[in-house]
Amino acid sequence: MKKLINNTFFEGERPLFKHENIRLENVKFYPGESPIKECVNVEAYKCEFMSKYPFWHNDNALIESCLFTVYSRAAIWYTRNLTMRNTLVEAPKMFREIDGMTLENVRLTSAAETCWNCRSIRLRNVEARNADYIFMNSCDIDIDGFDLLQGNYSFQDAKNVVIRNARLESKDAFWNTDNVTVYDSEISGEYLGWHSRNLKLINCTISGTQPLCYATNLVMENCRMASDCDRSFEYSTLNAVINSPVHSIKNPNTGTIKVESVGEIIIDENCRNPGTCNIIIGS
């Protein structure tokens, strides 16, 4: 049985430090630091956070229908087993070093440097804006329904990621990633997937200059590429089926590319393995 704390406010430093088995309803946290630090089994419902670092070093936190204002930066770090639902987050640097995190129907409006070094992440119907470097160095990520707007350098160094039904606006997405699969999504931005390993794109639409270079074991199935996808696949090993024209392909390494048509194939003196990538044009 959880102790109910409702219709009140806290301020200052560590007002609920080391509490266990509490439920917060309609509680406001005014300026201060670390109000819910080192707590276990905490529920927060319709609460408003204006203090810095509210949830640090927690075990088993449930957050529903809450507001994290711009003043609650770096709100949830070093926490295990976090669930957040139907919540608006206006603060940057939201999640760090989280083990076990579920977000459902969450909006993050200033998500720069969010979800760093997190593990076992599940997202459902999440929107993130102004989200540079989101998910950097995180792993074991399962996403279905995700809008990433103005989120450059997303998923850098991430591992073991599955994404479905997403719209990603991100320069330099998926750099240096391991084992990422993206289904039924739109990916827009320059320099997609450079230095990635085992990146799979299935039923995806891609736009942006110089995509998918320096990739190892790249797989594309039933994908489309926009007219600005120039100098694609430089130094990549891949097997790709592209159901659209491609602006240009430059110095691919090895593998097979099946493509509807190509504006230009560039094989120059810098090609590492001339003739080892089979480019098949048309049906």
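So which of Gly263, Gly275 is open to solvent by 10 Å² or more (accessible area, probe 1.4 Å) and not in a loop (DSSP other than H, G, I, E, B)?
Values: Gly275 fails: not in a loop (DSSP other than H, G, I, E, B).
So the residue among Gly263, Gly275 that is open to solvent by 10 Å² or more (accessible area, probe 1.4 Å) and not in a loop (DSSP other than H, G, I, E, B) is Gly263.
Scanning for something over 23 Å from the mean Cα position of the chain (by Cα), outside any strand (DSSP E or B) and either at pLDDT 95 or above or surrounded by fewer than 16 Cβ atoms within 10 Å (Cβ to Cβ) (or both), does the stretch 205-219 turn up at least one residue?
No; the residues of the stretch 205-219 include none that is over 23 Å from the mean Cα position of the chain (by Cα), outside any strand (DSSP E or B) and either at pLDDT 95 or above or surrounded by fewer than 16 Cβ atoms within 10 Å (Cβ to Cβ) (or both).
Within the stretch 87-99, is even one residue at positive phi, part of a strand (DSSP E or B) and without any contact (Cβ under 8 Å) to a residue 24 or more places away in the chain? Please lay out each step first, then the result.
Taking the stretch 87-99 as the starting set, the residues that turn out to be at positive phi are 93, 97.
Now drop any that are not part of a strand (DSSP E or B), which leaves 97.
Then drop every residue that is not without any contact (Cβ under 8 Å) to a residue 24 or more places away in the chain, which leaves 97.
Taking every residue of the stretch 87-99 in turn, at least one turns out to be at positive phi, part of a strand (DSSP E or B) and without any contact (Cβ under 8 Å) to a residue 24 or more places away in the chain.
When residues of the stretch 24-55 are filtered for being open to solvent by less than 60 Å² (accessible area, probe 1.4 Å) and assigned to a strand (DSSP E or B), how many remain?
13
Quick one: is Thr237 among the hydroxyl-bearing types (Ser, Thr, Tyr) and open to solvent by 40 Å² or more (accessible area, probe 1.4 Å)?
Taking the combined requirement at face value, the residue does not satisfy it.
Among the candidates Leu62, Leu88, Leu82, which residue alone is over 19 Å from the mean Cα position of the chain (by Cα), modelled with pLDDT of 95 or more and hydrophobic (A, V, I, L, M, F, W, C)?
Result of the check over Leu62, Leu88, Leu82: Leu62.
The values are calculated or read from the model by the stated rules, or taken from the named source; none is laboratory data. Since the model is a prediction, treat every value here as computed from it, not as a measurement. A quick note on method: Cβ atoms are made from the backbone with ideal geometry, for glycine too, and the neighbour counts reach across all protein chains shown. The area values use the complete protein model at the heavy-atom level, side chains included, leaving out ligands, DNA and RNA. Shrake-Rupley method; radii C 1.70, N 1.55, O 1.52, S 1.80 Å.
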